[in-house]
1. Could you please give the count of residues in the range 135-144 that are under 25 Å from the mean Cα position of the chain (by Cα) and either in contact (Cβ under 8 Å) with a residue 40 or more places away in the chain or surrounded by 12 or more Cβ atoms within 10 Å (Cβ to Cβ) (or both)?
2. In the list GLU83, GLU61, which residue meets the criterion of being open to solvent by less than 50 Å² (accessible area, probe 1.4 Å) and of a type in the set (Asp, Glu)?
3. Considering only the range 153-169, how many residues are in a helix (DSSP H, G or I) and either open to solvent by 20 Å² or more (accessible area, probe 1.4 Å) or outside the structural domain of ASN127 (by the TED database) (or both)?
4. If you take the residues in the range 12-25 that are in contact with a Gly (Cβ under 9 Å, 6 or more places away or on another chain) and under 14 Å from LEU69 (Cβ atoms), which one is most open to solvent (accessible area, probe 1.4 Å)?
5. Given the conditions (1) out of contact with any Phe, Trp or Tyr (no Cβ under 9 Å at 6 or more places or on another chain); (2) at pLDDT below 95, and given that ILE256 satisfies all but one, which numbered condition is not satisfied?
6. Which residue pairs have Cβ atoms closer than 6 Å, lie 6 or more positions apart in sequence or on different chains, and pair a first residue in the range 231-246 that is under 21 Å from GLN178 (Cβ atoms) and in contact (Cβ under 8 Å) with a residue 24 or more places away in the chain with a second residue that is surrounded by fewer than 18 Cβ atoms within 10 Å (Cβ to Cβ) and not hydroxyl-bearing (Ser, Thr, Tyr)?
7. Report, by residue number, each residue of the range 231-244 that is crowded, with 17+ Cβ neighbours inside 10 Å and at pLDDT below 90.
Amino acid sequence: MRSPGRPSVTSPPLHGEIVAAFGRHFLVKTADNSTLICVLRGKKSGAACGDQVEIHQTAPEQGVIERILPRSALLYRSDISREKLIAANATQVIIVVAAVPSFSEELINRCLVAAESQRLNVLIVLNKTDLAGSSSAALDRLSLYRELGYALLPISARNDIKPLLSHLENHLSVLVGQSGMGKSTIINALVPAAGRATADISATLDAGRHTTTHARLYHLDRNTRIIDSPGVQQFGLQHLSIEDITWGFREFRPYIDKCKFNNCRHSSEPGCALMDAMQENKVSVRRIDLYHKLITSLRTNRIPSSPSRTKIQ
């Protein structure tokens, strides 16, 4: 692709939506349903699948993104040196898990905190329920999140995707989760023409094989869209403060302003309302332990001065 020089024409910019992100290149669908492969103008910050953009066409099927329109939400993950954009303007995060391969409860909680930080609706999908014995145990583990008010849906995407449909209506949903959980199988069941690659799991490693290499947005109807994203094994939260993470545990909120000390870290401090709530079985010990693990990880990796982050798509 040629360097994105400024267009010679003076025609007004086109409005479009990013429907796929391939590193530094983006597939943009315009209002007339044509698609252009685009790059970002100059040193603009990163774009994401779901972004509404203004573009200029520079050649047949090619264009330049001139402006990213204001976002209602941006879901991303980060470590101490870079950020990975996942989806823009989503209204719902669907965390996909399965009994086989085994899922990470820490990763679920990281995704929940990221979703809460953007005020996004959350649905936890337990896929592969055709694996009856294993799924029963997984459902027991996940029942905690249903008790916290998160929607929990057991399905077998390979056999029947219909139970998921009503949860998608009028949302821009983004699928997140580990490799091997069945996200691509869900997409293929919803959009048979999508042809997302799937792969068998590795029994030896108890892990899924990475098949989705880029985020892609699909329209199910005029008001219902869904983004498939590559599987993740880590979901960094370095862009969030300790206060953001604490707030991201929704059941903590009634207690976090009632501690004796304003800078309480909800660990061993006297007069900690959250720890008192745990002792009274009002807050799950599992969630407290996961919270402390996240906070410890954040403190360990935090550096005093804010580094110049590298945004990658």
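The values are calculated or read from the model by the stated rules, or taken from the named source; none is laboratory data. Not measured: the values here are computed from a predicted model. Note: ideal-geometry Cβ built from the backbone for every residue, glycine included; neighbour counts use all protein chains shown. For the accessible areas, the whole protein counts, side chains as well, though only heavy atoms, and no ligand, DNA or RNA atoms are used. Shrake-Rupley method; radii C 1.70, N 1.55, O 1.52, S 1.80 Å.
1. Matching residues across the range 135-144 total 6.
2. After ruling out the rest, the residue left standing is GLU83.
3. So the count comes out to 5.
4. LEU14
5. Going through the list (1) out of contact with any Phe, Trp or Tyr (no Cβ under 9 Å at 6 or more places or on another chain); (2) at pLDDT below 95, ILE256 breaks only (1).
6. Cβ pairs passing all conditions: GLY231/HIS210; GLY236/ASP79; GLN238/ASP79; GLN238/ILE80.
7. GLY231, VAL232
Each row is one residue, and each column tells you yes or no for (1) more than 29 Å from the chain's Cα centre (by Cα); (2) open to solvent by 80 Å² or more (accessible area, probe 1.4 Å).
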| site | (1), (2) |
| --- | --- |
| ARG225 | no, no |
| LYS258 | yes, yes |
| CYS264 | yes, no |
| MET275 | yes, no |
